[in-house]
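**Student:** Encoded as structure tokens, here's the structure I'll be asking about.
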Amino acid sequence: MLQWSDLKREKNFIAGEWVDAAGGVTVPVVDPSTGEQIGTVPNAGATETRRAIDAAAAAFEDYRELTAAERAKMLRDLSTAIMDHQAPLAELLTREQGKPLAEAKGEVGMSAAYILWFAEEARRIYGDVVPSPWKQRRILVTKEPVGVVAAITPWNFPSSMLARKIGPALAAGCTVVAKPAMQTPYSGLAWGVLAEQAGIPAGVLNIVTGSARDIGGELTSNSLVRKLTFTGSTPVGKLLLRQCADSVKKVSMELGGNAPFIVFDDADLDRAVEGAIAAKFRNAGQTCVCTNRVYVQSGIYDRFVKAFADATLKLVVGSGFDAGVTQGPLIDDDAVSKVEEFVADAVSKGGRIVTGGKRHARGGLFFEPTVIAQATASMKFAREEIFGPLAPVFRFETEDEVVRAANDTEYGLACYFYTGDLGRAMRVSEKLEYGLVGINEGLITTEVAPFGGYKESGVGREGSKYGIEDYLQVKYTCIGGLGA
Ligand code: ADP
């Protein structure tokens, strides 16, 4: 079995080979827990990206000809390779990203689960025979892989965000050029090692690191790339959508969120608190489905704030490698400053800090788990994604009022609400303009269910039986001249 240091590759993976960027230029990678450099990766640009795209296009010719069973077997082997290396992959992930080791192990497990799911889906890409309006013709509908796929992923889930893209792409018969985030490139590059272990042919999966603008520019303008799948911020998603327009690529976008978490008077308080902690503080609040706004009905407001703050105080901040730690560092100093700004803005507008509110005594990129009561719609976090361990708690009176407030955002990814009333559960869930709804549950992501947003949170779905459709083209074939 490989160790984490064997999985940590300081080169790019192009056409089945580990290569440097032109001129050997590199950029450092830092452990956010300590600020220490843990290595370097190539600073690739358009030239290397073009080579990776050419390799993916060449590999597509043979790869698309494999049977579904052959593709499924490769993906099963890939899933096995991931689970065989779950511990060292988690260690690598925590080292570059900072999340607690248990969360990193969970993420790596999710990666294997996505790959296995799509190994299974590879064999279920069905077509149709459509009743023909003509006696002497038959109508076939088949599905074909779109071709070369470009995948750009963020740093918050550096392993599983790629799994959601590599899995359906390879299952559909597509080949891939992936660009992981520069804060967390090693978990991305490790996919190259895993692909080698699983016997995936050279060129089917390529991974480049370096200048986001140059790599992204090539991936979006090169006409050999037929699809872009992106997870990241809404502004970059919009930019990439514009860049893809000229060559009319298929696109999937998983963008920002502004998740409301609603607690009605009739909710099970303990359950709601437990769900709020999980939905808010996982990954130090750095997920696009993390609670951004907690809305609590008047009758239960004070009790909820107290119980929530008490539970928040039990969170343990520290290095992801230390036993018992539940919250690691934020990813970089900008992220910490942004949370500080949200706190200052809220306090200046009447918000009350119940717990936390400042950088953690450990220093560095650690921030105290924070609860702010008396939050109002005029505060910045009502509209902007926090992406940090800060939970604003808003008070509301009626169901209509809270549904309106929850929907009053350009985002529409995840939302959560807690109630003991079945009628309310159905009414509210149908009115919320969100792609994912958790009723009495704060953690709902699974490979078997569709993940994706309404409104400016995205285009397309990942995971589930729906997730493969974005990697397929529909072909209509008309067979004529069948009659005498
Ligand atoms: P985050 O806030 O998660 O860092 P970003 O949208 O900035 O969100 O980053 C997500 C991914 O998009 C990363 O891999 C990043 O390098 C990439 N990215 C950022 N800017 C661009 C760009 N102009 N073109 C292509 N990719 C980009």
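So that you can scan it fast, the table gives a plain yes or no per residue for (1) charged (D, E, K, R); (2) assigned to a strand (DSSP E or B); (3) closer than 25 Å to residue 425 by Cα; (4) open to solvent by less than 70 Å² (accessible area, probe 1.4 Å):
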{"site": "438", "(1), (2), (3), (4)": "no, yes, yes, yes"}
{"site": "441", "(1), (2), (3), (4)": "yes, no, yes, no"}
{"site": "449", "(1), (2), (3), (4)": "no, no, yes, yes"}
{"site": "467", "(1), (2), (3), (4)": "no, no, no, yes"}
{"site": "473", "(1), (2), (3), (4)": "no, yes, no, no"}
{"site": "476", "(1), (2), (3), (4)": "no, yes, no, no"}
{"site": "481", "(1), (2), (3), (4)": "no, no, no, no"}
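**Student:** I've got another one for you. Could you check, for segment 131-146, whether at least one of its residues is closer than 27 Å to residue 196 by Cα, aromatic (Phe, Trp, Tyr), out of contact with any Leu (no Cβ under 7 Å at 6 or more places or on another chain) and modelled with pLDDT of 95 or more?
**Tutor:** no
**Student:** Those residues that are under 42 Å from the mean Cα position of the chain (by Cα) and open to solvent by 100 Å² or more (accessible area, probe 1.4 Å), I need them from segment 128-137; list them, please.
**Tutor:** Selection gives 129, 131.
**Student:** Of a type in the set (A, V, I, L, M), buried (at least 23 other Cβ atoms within 10 Å of the Cβ) and touching a Pro at 6+ places or on another chain (Cβ under 7 Å), is that true of residue 373?
**Tutor:** no
Residues checked against (1) farther than 18 Å from residue 57 by Cβ; (2) more than 10 Å from the ligand (Cβ to nearest atom); (3) in a helix (DSSP H, G or I):
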| position | (1), (2), (3) |
| --- | --- |
| 163 | yes, yes, yes |
| 168 | yes, yes, yes |
| 187 | yes, yes, yes |
| 194 | yes, yes, yes |
| 235 | yes, no, yes |
| 248 | no, yes, no |
| 253 | yes, yes, no |
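**Student:** Follow-up question, since we're still on this one. Quick check: anything in segment 263-274 open to solvent by less than 10 Å² (accessible area, probe 1.4 Å), within 16 Å of the ligand (Cβ to nearest atom) and either in contact with a strand residue (DSSP E or B) (Cβ under 6 Å, 6 or more places away or on another chain) or within 26 Å of residue 368 (Cα to Cα) (or both)?
**Tutor:** Checking segment 263-274: not a single residue is open to solvent by less than 10 Å² (accessible area, probe 1.4 Å), within 16 Å of the ligand (Cβ to nearest atom) and either in contact with a strand residue (DSSP E or B) (Cβ under 6 Å, 6 or more places away or on another chain) or within 26 Å of residue 368 (Cα to Cα) (or both).
**Student:** Take the residues in segment 105-130 that are in contact with a Leu (Cβ under 7 Å, 6 or more places away or on another chain) and part of a loop (DSSP other than H, G, I, E, B), then tell me which one is nearest to residue 195 (Cα to Cα).
**Tutor:** Across segment 105-130, the extreme among qualifying residues is 125.
**Student:** Does segment 288-313 hold any residues that are among the basic types (Lys, Arg) and in contact with a Pro (Cβ under 9 Å, 6 or more places away or on another chain), and which are they?
**Tutor:** Answer for segment 288-313, where residues must be among the basic types (Lys, Arg) and in contact with a Pro (Cβ under 9 Å, 6 or more places away or on another chain): just 293.
**Student:** Related question: Can you tell me how many residues in segment 430-484 are in contact with a Cys (Cβ under 9 Å, 6 or more places away or on another chain) and either among the polar types (S, T, N, Q) or at pLDDT below 95 (or both)?
**Tutor:** So the count comes out to 1.
**Student:** Look through 441, 401 and report the one residue that is over 27 Å from the mean Cα position of the chain (by Cα) and among the charged types (D, E, K, R).
**Tutor:** 401
**Student:** Look through segment 40-87, keep the residues that are within 30 Å of residue 360 (Cβ to Cβ) and open to solvent by 10 Å² or more (accessible area, probe 1.4 Å), and return whichever of them is nearest to the chain's Cα centre (by Cα).
**Tutor:** 86
**Student:** Hey, can you tell me all the residues within segment 199-226 that are away from the ligand (no atom under 12 Å from the Cβ) and surrounded by fewer than 23 Cβ atoms within 10 Å (Cβ to Cβ)?
**Tutor:** Hits for segment 199-226 are 199, 201, 202, 222, 223, 224, 226.
**Student:** Restricting to segment 391-411, name every residue that is open to solvent by less than 50 Å² (accessible area, probe 1.4 Å), away from the ligand (no atom under 16 Å from the Cβ) and out of contact with any Phe, Trp or Tyr (no Cβ under 6 Å at 6 or more places or on another chain).
**Tutor:** 391, 393, 399, 403, 405, 406, 407, 409
**Student:** Just to be sure I understand the filter: pairs with C-beta atoms under 6 Å, separated by 6 or more residues or on different chains, first member in segment 234-247 and under 18 Å from residue 411 (Cβ atoms), second member part of a helix (DSSP H, G or I) and within 11 Å of the ligand (Cβ to nearest atom). Which pairs pass?
**Tutor:** 240/220
**Student:** I would also like to ask the following. Identify, by number, the condition in (1) surrounded by fewer than 21 Cβ atoms within 10 Å (Cβ to Cβ); (2) within 16 Å of the ligand (Cβ to nearest atom) that residue 125 doesn't meet.
**Tutor:** (2)
For (1) out of contact with any Ser or Thr (no Cβ under 6 Å at 6 or more places or on another chain); (2) more than 20 Å from residue 393 (Cβ to Cβ), each residue gets a yes or a no:
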residue	(1), (2)
311	yes, no
320	no, yes
332	yes, yes
346	yes, no
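**Student:** Return the residue satisfying two criteria in turn: it lies in segment 170-183 and is touching a Leu at 6+ places or on another chain (Cβ under 8 Å) and near the ligand (Cβ under 9 Å from one of its atoms), and of such residues it is nearest to residue 64 (Cα to Cα).
**Tutor:** Restricting to residues being touching a Leu at 6+ places or on another chain (Cβ under 8 Å) and near the ligand (Cβ under 9 Å from one of its atoms), the top hit is 179.
**Student:** Something else now. Would you be able to say whether some residue in segment 2-19 is touching a His at 6+ places or on another chain (Cβ under 7 Å) and buried (at least 16 other Cβ atoms within 10 Å of the Cβ)?
**Tutor:** Yes.
The values are calculated or read from the model by the stated rules, or taken from the named source; none is laboratory data. Being a predicted model, the structure only gives us computed values, none of them experimental. Note that we place each Cβ from the backbone using ideal geometry, even for glycine, and neighbour counts take in every protein chain shown. Side chains included, ligands, DNA and RNA excluded: accessible areas come from the protein's heavy atoms. Shrake-Rupley method; radii C 1.70, N 1.55, O 1.52, S 1.80 Å.
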